[in-house]
Amino acid sequence: MAPGCLPLLGHLLPLIRDPLAFLSSLPGHGDLVEVRVGPTRAVVVCDPELNHRLLMEDRTFDKGGLFIEKAREFVGNSLGTCPHSLHRRQRRLAQPAFHQARMPGYAGIMVEHITAATGLWRPGRVLDVYAEMMGITVKVLLATMFSSSLPAQAGHHRLHEDIVTIFDSLYRRTLTPRSLNRLPTRGNLRYRQAIARVHRAIHAVLADRRVDGTDHGDLLSALLAARDDGSDTAGRGLSDTEITDNTMMFILAGTETTASALAWALHLVAGHPAVERSLHGEVDAVLAGRPATHTDLPHLKLTGRIVTETLRLYPPGWIFTRVTTADTLLGGHRIPQNTTVIYSPYLLHRRADLFDAPDRFDPDRVQPGRHSLVPFGAGSRKCIGDTFAVTEATLALATIASRWTLRHVAGPPVTPARSAALYPRNLRMRAEARTESTKAGT
Ligand code: HEM
């Protein structure tokens with residue numbers, strides 16, 4: 001059992017006040033450590049091999065627990081939240097939407113939005129970097145999901161704001177009891193209205209698409225075209241509810257995560273001048289001032305390593321839960337049925353015995369042992385959008401670095417926010433244009 005357990009509250013206070021420090025302290029107490037969240041008992045996995053088993057044995061360690069229950073409030077039983085029994089079919093039907101062959105098309109949309117957003121920057125302007133990155137990833141996700149089928153600009157803007165509202169409430173709602181979340185407070189009402197509006201917008205597009213029937217080359221078309229090949233369900237596709245829930249799931253899983261990674265990458269690069277110089281050298285050689293495209297990806301090697309190292313230091317998905325469906329053994333410990341098991345990429349990525357000087361940002365570090373680096377999870381529930389996310393982050397980082405240098409401005413310290421994703425709070429940076437003369441100096 002982790003130290004500091006209080007009657008009634010358990011470890012709720014450290015989990016709310018400084019969850020990252022709390023999680024990082026746990027490996028000192030064993031490979032599996034018990035914690036309490038109020039009356040709920042949970043086990044945290046601190047060892048990479050046990051973590052791998054947890055992720056591989058998805059029938060015994062099924063999706064469930066606090067986060068999943070709260071997420072089901074608005075994504076239903078979608079890909080990321082459904083139990084094992086419903087997962088295989090949905091995953092098979094959704095997989096073609098993320099097929100390699102579709103990536104160049106998505107990358108084109110990504111570049112368009114990255115270029116448009118950064119094209120509005122002006123030299124000397126101070127940017128709220130996370131909000132800027134969230135602006136890019138939300139637009140990219142909506143455009144790759146729905147191509148041009150979204151309502152006019154005003155509706156688009158509303159949808160964007162609603163998504164941000166949902167994210168703002170998510171982590172807090174996970175830790176507060178259901179009764180408090182139901183109270184008609186301003187925050188709860190705003191949250192519920194935002195969810196209802198996003199649902200309505202998705203329903204409207206879906207209804208149009210069912211009538212129209214053509215392939216728009218976007219994620220929604222891929223979901224609509226998917227057909228089951230199982231013997232008793234052959235030819236059946238995803239229902240409207242399944243498509244709506246999965247669309248919400250992609251919005252939930254695919255915007256804040258990538259935006260956080262990008263914002264941290266910009267923060268880390270600015271704080272490491274030698275890395276910044278090498279990054280500028282790479283993008284100047286590969287891009288020569290133009291935006292990055294899908295065909296540049298194999299040549300943007302350092303940019304890719306910066307993305308990987310950022311995902312190690314600040315994995316946007318930092319805590320996940322499973323629930324045991326039967327009594328089982330993990331690492332020789334007996335775990336009864338219905339136990340919540342927690343895994344945390346952050347905890348593993350910061351273990352000093354797995355990563356040399358784990359708090360240091362070093363894109364050239366030697367790759368760790370198997371199963372230690374898990375920003376996208378593993379096994380059958382591994383992130384379906386991993387290539388999508390790395391593609392977007394690499395294209396955005398390279399395109400930004402080819403034209404801009406971002407500099408920190410004085411202000412409150414940059415700290416990881418306790419949100420659904422681990423984004424940098426207070427990250428304000430000044431955009432400086434990279435001119436031919438500054439480029440020559442790199
Ligand atoms: C840097 C960005 C991202 C990170 C770090 C990330 C991380 C993760 C992780 C760790 C999981 C596994 C969760 C678990 O084990 O319980 C996951 C699942 C998932 N992610 Fe991502 N993700 C990212 C971007 C995306 C994007 C762009 C999309 C979609 C457009 C996406 C869609 C999903 C879905 C649908 C699942 C559930 C998969 C399943 O259970 O079959 N993610 N993600």
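Residues in the stretch 400-414 carry Karplus couplings, in order, of 5, 5, 6, 10, 10, 10, 9, 10, 4, 10, 4, x, x, x, 7 Hz; the curve used is 6.51 cos²θ - 1.76 cosθ + 1.60 with θ = phi - 60°, and Gly or Pro positions show x.
Return a whole-number percent for the relative contact order of the chain, with Cα pairs under 8 Å and 6 or more residues apart as the contact set.
Values: 655 pairs, mean separation 111.2, N = 442.
Taking the mean separation of contacting Cα pairs over the length of the chain, I get 25 percent.
Scan around Val341 for amide H atoms under 5 Å from its own, H built in the peptide plane at 1.01 Å from N, and keep only partners 5 or more places away or cross-chain. For Val341, whose amide H was placed from the backbone, the distant partners under 5 Å are Val43, Arg322, Val323, Thr324.
Each of Val111, Ile342, Gly369 was placed along the dipole of the chain (beta-carbon charges, centred on the mean Cα), and the one lying farthest toward the positive end is Ile342. Distant-in-sequence amide contacts of Gly76, defined by a placed amide H-H separation under 5 Å and a gap of 5 or more residues or a different chain, comprise nothing.
Counting only protein chains, not ligands or nucleic acids, how are Arg190, Arg334 ordered by accessible area (probe 1.4 Å), most first?
Arg334, Arg190
Here the simple spin-label model places points 7 Å from the Cα toward Cβ, and for Asp208 and Glu49 these points are separated by 5.5 nm. Between the residues Gly64, Cys46, Val140, the greatest Cα displacement towards the positive end of the dipole of the stretch 17-147, with unit charges on the Cβ of Lys, Arg, Asp and Glu, is found for Val140. Averaged per residue, the chain has 44 square angstrom of accessible surface, using a 1.4 angstrom probe with ligands and nucleic acids left out. Counting protein heavy atoms only, the chain has 56 percent of its accessible area on carbon and sulfur, 1.4 angstrom probe.
A crude spin-label estimate for the pair Arg425 and Lys382, with each label 7 Å from Cα along the Cβ direction, gives 3.4 nm.
The stretch 304-347 and the stretch 375-413 have Cα centres spaced 22 Å apart. For the chain, the alpha carbon convex hull comes to 155 Å³ per residue, rounded to a whole number.
About its Cα centre, the dipole of the chain is roughly 940 debye, where the only charges are +1 on Lys and Arg Cβ and -1 on Asp and Glu Cβ. In sequence order, the stretch 368-383 has phi-based couplings of x, x, 4, 6, 8, 9, 9, x, 10, x, 6, x, 5, 9, 4, 3 Hz under the Karplus curve 6.51 cos²θ - 1.76 cosθ + 1.60, θ = phi - 60°, and Gly or Pro positions carry x. Between the beta carbons of Leu86 and Thr435, assuming R0 = 45 Å, the FRET efficiency works out to 0.25 to the nearest 0.05.
Rounded to the nearest Hz, the phi-derived 3J(HN,Hα) couplings of the stretch 22-37 under the Karplus curve 6.51 cos²θ - 1.76 cosθ + 1.60 (θ = phi - 60°) are 4, 4, 5, 7, 5, x, x, 10, x, 7, 10, 10, 7, 10, 10, 10, where x marks glycine and proline. Of the listed residues Cys46, Cys5, the order by accessible area with a 1.4 Å probe, largest first, is Cys5, Cys46.
The values are calculated or read from the model by the stated rules, or taken from the named source; none is laboratory data. Not measured: the values here are computed from a predicted model. For neighbour counting, all protein chains shown are included, and Cβ atoms are generated from backbone atoms with ideal geometry for every residue, glycine included. Side chains included, ligands, DNA and RNA excluded: accessible areas come from the protein's heavy atoms. Shrake-Rupley method; radii C 1.70, N 1.55, O 1.52, S 1.80 Å.
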